[in-house]
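A.B. asks: Pasting in a structure now, in structure tokens, and then I'll have a few things to ask.
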Amino acid sequence: MLDLHLTALMEKRQMFVTNLPLKFFDQSGKEVEQINDLINTEAFEEMMKDLIDSRFYGHSLVWFDKIEGTTLEHKLIPRKHVNPKKGIVMKHQSDEHGESYRETPYNMYCMEAGRPDDLGLLSKAAVAVIYKKGNVSDWSVFAQVFGAPFREYVYDDPTARAQLEAIAKQQAVASYVVRPRNSEFKLHETTHKSGSSDLYSNLAKFCDEQNSKAILLNTMTTDAQGGNYKGEVHASSEKEVAKADRRFMLRLLNEKFIPILEKFGYAVAGGRFGYEEQDGMTPKERLEFDMKLNEIAPIDQEYWYETYNRPRPKKMQKEEVEAAEEEQQPKEQKKPTPSQKSKKKEVKLSQEEQSLWLKLKSFFSVFPRS
């Protein structure tokens, strides 16, 4: 069973390659939806985790049973049954001979990750894990002995000894002693019990830090402490680890997985896998960048609400709702605005009507105005 802290570090590196959107592009650089649908399946993500685990366990061999549509069925061959130097899979781990997976037809369904002589990062972390396991075990005994009060039972009648022992065993798990009254008993405790407890705690912490250095090349992104500057330096080293893991994954997919997809009938010749470009800014850095950019060239208000997922003011929400309702209404049902009401309708007259209108106008023009 792996140490909990070490397991968290490994899962963090798995997320480096699974959390960033992955796409497949054809020769012209256009996305291929068929492969992207396969990428967005849980089975594809599990395959990526098995491949990146080769960074921890060393050489890994993946066998593909079926790849069709959005179905991907694969198995991780037990590492103890694989001899990467000979390129064989053995029925029993102690066998000298086995099936050569680098030859036809097995090479059509297998993909290797990691060098044949690579033992993985866990070989470096093993020493600290062993020390921590023994240390925590001793710490647990220390807490059991000194964390609860020590009990002492004294008897005069030898026949009462058995009864006192039965009573002592029924009461919790704290240490106890049963002795005759005339006997002598001394309990030699450690000089500083709190100091001994700190010793166990500091050793466990030291082991965790060593594993953090082995897996992430830093300590402060898992157990944050110290100044901001130190934290930024450690975060920077972690980003480099993430970049290295993503390059490792892309090399595996482009050099080894694409040929397997071709053998399963996918038209992927000349294509490539790639991660979507990310600027890597934190929300705080993004806000500072946008505010400086806004001073140079004003940014539309809609951008702020969408980018930072902030609620719009109630007045703006009401106006948007009214505008949406107005757009949904049929044109003949729309209420005219005041400006529309004030406008006079233009009436087009025929030539006869225009002639009659001019005669009437000239007739009434001779009457004096009151």
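A.B. asks: Which whole number of Å³ per residue matches the convex hull of the alpha-carbon atoms in region 70-146? Kindly include the intermediate steps, with their values, before the conclusion.
C.D. replies: Details: hull volume 13.8 nm³, N = 77.
Measuring per residue, one finds 179 Å³ for the Cα hull of region 70-146.
A.B. asks: Give, in nm to one decimal, the length gained when the segment between A244 and D37 is fully stretched (0.36 nm per residue of separation minus the Cα-Cα distance). Each step should come with its number before you reach the end.
C.D. replies: Numbers: separation 207, 0.36 × 207 = 74.52 nm, distance 2.55 nm.
That pair, A244 and D37, stretches by 72.0 nm at full extension.
A.B. asks: 7 Å from Cα along Cα→Cβ at both E73 and A8: what's the point-to-point distance in nm?
C.D. replies: In this crude spin-label approximation the distance works out to 3.8 nm.
A.B. asks: Still on this structure: Using the Kirkwood radius over Cα pairs, work out the Stokes-Einstein diffusion coefficient for region 1-144 at 4 °C and 1.567 mPa s, in µm²/s as a whole number. Intermediate results must be reported in sequence, preceding the final value.
C.D. replies: Working: Rh = 17.9 Å.
Estimated via Stokes-Einstein, D reaches 73 µm²/s.
A.B. asks: Quick one: of K75/K205; K30/K213; K23/K132; K23/K66; K30/K292, which pairs are farther than 31 Å apart, Cα to Cα?
C.D. replies: Values: K75/K205 36 Å; K30/K213 40 Å; K23/K132 41 Å; K23/K66 21 Å; K30/K292 34 Å.
Over 31 Å Cα-Cα: K75/K205; K30/K213; K23/K132; K30/K292.
A.B. asks: Go ahead and run the numbers for FRET between V145 and Q93, Cβ-Cβ distance against an R0 of 41 Å, rounding to 0.05. Don't jump to the answer; show the numbers that get you there.
C.D. replies: Working: r = 42 Å, r/R0 = 1.02.
It comes to 0.45.
A.B. asks: Measuring from label point to label point, each 7 Å out along Cα→Cβ, what is the L293 to Y305 span in nm?
C.D. replies: Rounded to a tenth, the inter-label distance reads 2.0 nm.
A.B. asks: Taking a 20 Å limit on the Cα-Cα distance, which of the listed pairs K12/K49; K86/K263; K91/K124 fall beyond it?
C.D. replies: Working: K12/K49 11 Å; K86/K263 25 Å; K91/K124 29 Å.
Where the Cα-Cα span goes over 20 Å, the pairs concerned are K86/K263; K91/K124.
A.B. asks: Could you work out how much longer the chain between R286 and T18 gets when fully extended? Use 0.36 nm per residue separation minus the Cα distance between them, nm to one decimal. Don't skip to the end; give the middle numbers.
C.D. replies: On the way: separation 268, 0.36 × 268 = 96.48 nm, distance 2.30 nm.
Between R286 and T18, full extension yields 94.2 nm more.
A.B. asks: Another question, then. Between M108 and E184, what is 0.36 nm times their sequence separation minus the Cα-Cα distance? Round to one decimal in nm. Please report the intermediate quantities before stating the final value.
C.D. replies: On the way: separation 76, 0.36 × 76 = 27.36 nm, distance 7.82 nm.
Additional length available on full extension: 19.5 nm.
A.B. asks: What FRET efficiency do you get for Y155 and E45 if R0 is 56 Å and r is their Cβ-Cβ distance, rounded to the nearest 0.05? Could the numbers behind the result be given before it?
C.D. replies: Details: r = 66 Å, r/R0 = 1.19.
With a Förster radius of 56 Å, E is 0.25.
Since every read-out is calculated from the coordinates, none of them should be taken as a lab result. Computed from a predicted structure; not experimentally measured. Quick reminder, even Gly has a Cβ in these numbers, built from the backbone with ideal geometry, and neighbours come from all protein chains shown.
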